[in-house]
Amino acid sequence: MKRNFMAILMISIMAVPVIASASDAELLLDACKLATGDINGTKENLVEAAVDVGFCFGYIRGLSDYSTGTESMTSEEIKPFQSCRPRGVNNKQLARIVVNFLERNPQHLHREMTMLVSVALQEVYPCR
């Protein structure tokens, strides 16, 4: 069972950059309708369905966490948390950056994950 879960997880991680790079509101709508159970029919491919649901929840939660975490900050206070990711960077690369940062900084694991991810990305992709 654990092996099946890991296989699905790895396939999902590899497939998400293709989905996330589409930048299409219709894709987000379809994925979120699937995630909320508000869609006619179901996808036959369970891995594809899991990726779509993960894409919806991850995309929305990530933006929600960032906007909530920075709402009381001035523009000067936000600058240390801003990153300027170049085009073509995929989700697996972003995940590796975050994992590397967290492993190098275990003393901060108790902090707000929104800020930790922001700092990790800013460290690698600072805005110039």
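The values are calculated or read from the model by the stated rules, or taken from the named source; none is laboratory data. Keep in mind it's a predicted model, so treat the numbers as computed, not measured. Here the Cβ is made from the backbone with ideal geometry for all residues, glycine too, and neighbour counts use every protein chain on show.
Odds and ends about this structure:
- Test for Ser72: is it assigned to a loop (DSSP other than H, G, I, E, B) and touching a helix residue (DSSP H, G or I) at 6+ places or on another chain (Cβ under 7 Å): no
- Within the range 61-83, residues that are within 15 Å of Met113 (Cα to Cα) and β-branched (Val, Ile, Thr) have Cβ atoms under 9 Å from residues that are at pLDDT 80 or above and exposed (fewer than 12 other Cβ atoms within 10 Å of the Cβ) in these pairs: Thr70/Glu77, counting only partners at least 6 apart in sequence or on another chain.
- Any hit, the range 81-88, residues being loosely packed, with under 11 Cβ neighbours inside 10 Å, within 23 Å of Leu28 (Cβ to Cβ) and in contact with a Cys (Cβ under 6 Å, 6 or more places away or on another chain): yes
- Members of the range 75-91 found to be farther than 17 Å from Pro126 by Cβ and assigned to a loop (DSSP other than H, G, I, E, B), listed by number: Gly88, Asn90
- Hits in the range 69-127 (condition: farther than 22 Å from Tyr59 by Cα and basic (Lys, Arg)): Arg104
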